Ligand SMILES: Cc1cc2nc3c(=O)[nH]c(=O)nc-3n(C[C@H](O)[C@H](O)[C@H](O)COP(=O)(O)OP(=O)(O)OC[C@H]3O[C@@H](n4cnc5c(N)ncnc54)[C@H](O)[C@@H]3O)c2cc1C
Ligand code: SF4
Ligand code: SF4
């Protein structure tokens, strides 16, 4: 591939939402950019439940090309079946076809001027003065691509940041192990509401979901458990749970598996000539496992900072640290808060989860944490011990 | 060394994400474990959603 025989200012590894947005920003600013993806089809295999909040802030129209459904809120189910309906004013989200959406984002980067190498795996980085030699395998041949900056957007695998000496690997229980069937003929409570099921038997350390996607729905779950596997929880969820009745006529059209790194951001997301974005950087909600929006937003910031530093002819860590400052200003508090809530939720027994749902009432509009916690502890003082740190 | 059951593997990359020795590579759809780098810590076995990895006992 001729793309691999050139040298670049910025090489982005991984054409997920993070990498494609980073490449877009970098190329649009006139910097010579290469995006490298190891799959032969960008967007495949899908490892996702495909729900995203608004994307208009990126200047991307929610086109029917990839939007499959509009989402108006969620319904939470406690282990015994108590329902809590959660909305956020008129806020809407979407369920998308990830393989089309991811490819759309890559095409958008290409149209902004980024070169793209597919079926090409980055297998190492070597420091060469102020440059990186990126070692790439394509069709069994090894290529060496010279670049000033590497943006590691390689998702949960996180090898690339480690090649550069940063710590990006996660502990097994810091990753939510997920399995999912996309199914048709799912009976839904409401075709525009996502369903979330909680309980230690349903999905220990995580939750099960049904996300309506138009003619299909993503039925899956994520767990953090040393003993029982996600796939076994999933078969049980379908066969024998609160949702079984509504799934009795459902049948799969796709199978998806994945790991969501849900323990907050990694220690450091920059060094000389390298930035880390998206799942690799732990920029994903530890509570919901939602990471598409964060990967896109932080990817954009990484691409902006990288191209600016190329133009100023200084891509040392002193300049690149601007990236971490920017994403932390916008998202750090959110990530740490979600980590805190998750740590509370995972301590609750099924009875306590039921009590929590009871205390929350039937409807929540917006998640105003202070009000939320006050409501819980006035109604269920027994839960105070878990929530007191939040007040 | 950890064995991969290719018939069970869903090529999701979760195992790669926990291997601190960088012994695992997911080359497109194929998990490749480097025997020389693997320390038999079995962390990858825990995270696999499909029970596709079998550790050394
Ligand atoms: C089951 C499941 C359900 C989820 N549901 C949702 C959801 O509903 N909503 C949501 O917002 N988030 C969800 N997430 C999280 C979301 O999928 C991720 O946060 C998001 O994809 C992160 O984007 P990214 O660009 O960082 O990485 P990815 O999308 O993982 O992209 C990384 C890319 O890098 C490539 N790559 C990796 N290593 C190399 C290499 N060495 N060389 C070349 N290419 C490489 C990979 O092939 C991949 O294409 C879910 C995750 C899972 C596992
Ligand atoms: S975690 Fe399991 S299913 Fe996923 S790639 Fe590794 S061996 Fe395959
Ligand atoms: S056993 Fe440990 S060192 Fe070996 S491949 Fe698995 S995670 Fe890596």
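Among the residues of the range A:139-165, those identified as in a loop (DSSP other than H, G, I, E, B), in contact with a helix residue (DSSP H, G or I) (Cβ under 9 Å, 6 or more places away or on another chain) and within 12 Å of chain B (Cβ to nearest Cβ) are A:154, A:158. Kindly establish whether residue B:14 is under 11 Å from the mean Cα position of the chain (by Cα), within 11 Å of chain A (Cβ to nearest Cβ), within 6 Å of ligand 3 (Cβ to nearest atom) and under 20 Å from residue A:166 (Cα atoms). So residue B:14 fails the test.
Residues that are under 17 Å from residue A:196 (Cβ atoms), modelled with pLDDT under 95 and not in a strand (DSSP E or B) are absent from the range A:92-114 altogether. Any chance the range B:32-42 includes a residue that's crowded, with 20+ Cβ neighbours inside 10 Å and either facing chain A (nearest Cβ under 8 Å) or part of a loop (DSSP other than H, G, I, E, B) (or both)? No, that holds for no residue.
For the range A:43-56, the criterion of being in a strand (DSSP E or B) and either within 16 Å of ligand 3 (Cβ to nearest atom) or away from chain B (no Cβ under 14 Å) (or both) is met by at least one residue.
Return the only residue of A:256, A:268, A:246, A:229 being in contact (Cβ under 8 Å) with a residue 24 or more places away in the chain, within 16 Å of ligand 2 (Cβ to nearest atom) and out of contact with any strand residue (DSSP E or B) (no Cβ under 6 Å at 6 or more places or on another chain). Quick ask: steps written out before the conclusion?
Working: A:256 fails: out of contact with any strand residue (DSSP E or B) (no Cβ under 6 Å at 6 or more places or on another chain); A:268 fails: within 16 Å of ligand 2 (Cβ to nearest atom); A:246 fails: within 16 Å of ligand 2 (Cβ to nearest atom).
Step by step, each of A:256, A:268, A:246, A:229 is checked, and only A:229 is in contact (Cβ under 8 Å) with a residue 24 or more places away in the chain, within 16 Å of ligand 2 (Cβ to nearest atom) and out of contact with any strand residue (DSSP E or B) (no Cβ under 6 Å at 6 or more places or on another chain).
Suppose the filter is within 15 Å of ligand 1 (Cβ to nearest atom) and part of a loop (DSSP other than H, G, I, E, B); does residue A:168 pass it?
Numbers: within 15 Å of ligand 1 (Cβ to nearest atom): yes; part of a loop (DSSP other than H, G, I, E, B): yes.
Answer is yes for this residue.
In summary, residue B:56 fulfils each of the numbered conditions (1) within 11 Å of chain A (Cβ to nearest Cβ); (2) under 11 Å from residue B:3 (Cα atoms); (3) loosely packed, with under 15 Cβ neighbours inside 10 Å with the single exception of condition (1).
Scanning the range A:29-42 for residues that are part of a loop (DSSP other than H, G, I, E, B) and either more than 29 Å from residue A:181 (Cα to Cα) or away from chain B (no Cβ under 14 Å) (or both), we see that the one that is farthest from ligand 2 (Cβ to nearest atom) is A:30. Exactly one residue among A:196, A:189 is away from chain B (no Cβ under 14 Å), part of a loop (DSSP other than H, G, I, E, B) and either surrounded by 19 or more Cβ atoms within 10 Å (Cβ to Cβ) or in contact (Cβ under 8 Å) with a residue 40 or more places away in the chain (or both), and that residue is A:189.
Looking at B:50, B:22 in this structure, which one is facing chain A (nearest Cβ under 9 Å), farther than 24 Å from residue A:255 by Cβ and surrounded by 14 or more Cβ atoms within 10 Å (Cβ to Cβ)? Exactly one residue qualifies, and that residue is B:22. State all residues of the range B:28-57 that are touching a strand residue (DSSP E or B) at 6+ places or on another chain (Cβ under 6 Å) and under 24 Å from residue A:125 (Cβ atoms); if no residue qualifies, say none. Once the filter is applied, which keeps residues that are touching a strand residue (DSSP E or B) at 6+ places or on another chain (Cβ under 6 Å) and under 24 Å from residue A:125 (Cβ atoms), the range B:28-57 yields B:31, B:32, B:33, B:44.
Of everything in the range A:304-315 that is without any contact (Cβ under 8 Å) to a residue 60 or more places away in the chain and out of contact with any helix residue (DSSP H, G or I) (no Cβ under 6 Å at 6 or more places or on another chain), the residue that is surrounded by the most Cβ atoms within 10 Å (Cβ to Cβ) is A:314. Identify the residue in the range B:5-19 that is within 6 Å of ligand 2 (Cβ to nearest atom) and outside any loop (DSSP other than H, G, I, E, B) and, among all such residues, is surrounded by the most Cβ atoms within 10 Å (Cβ to Cβ). Per the stated criteria, the residue is B:15.
The values are calculated or read from the model by the stated rules, or taken from the named source; none is laboratory data. None of the values given here were measured: they were computed from a predicted structure. Reconstructed Cβ throughout: ideal geometry from the backbone, glycine too, with neighbour counts over all protein chains shown.
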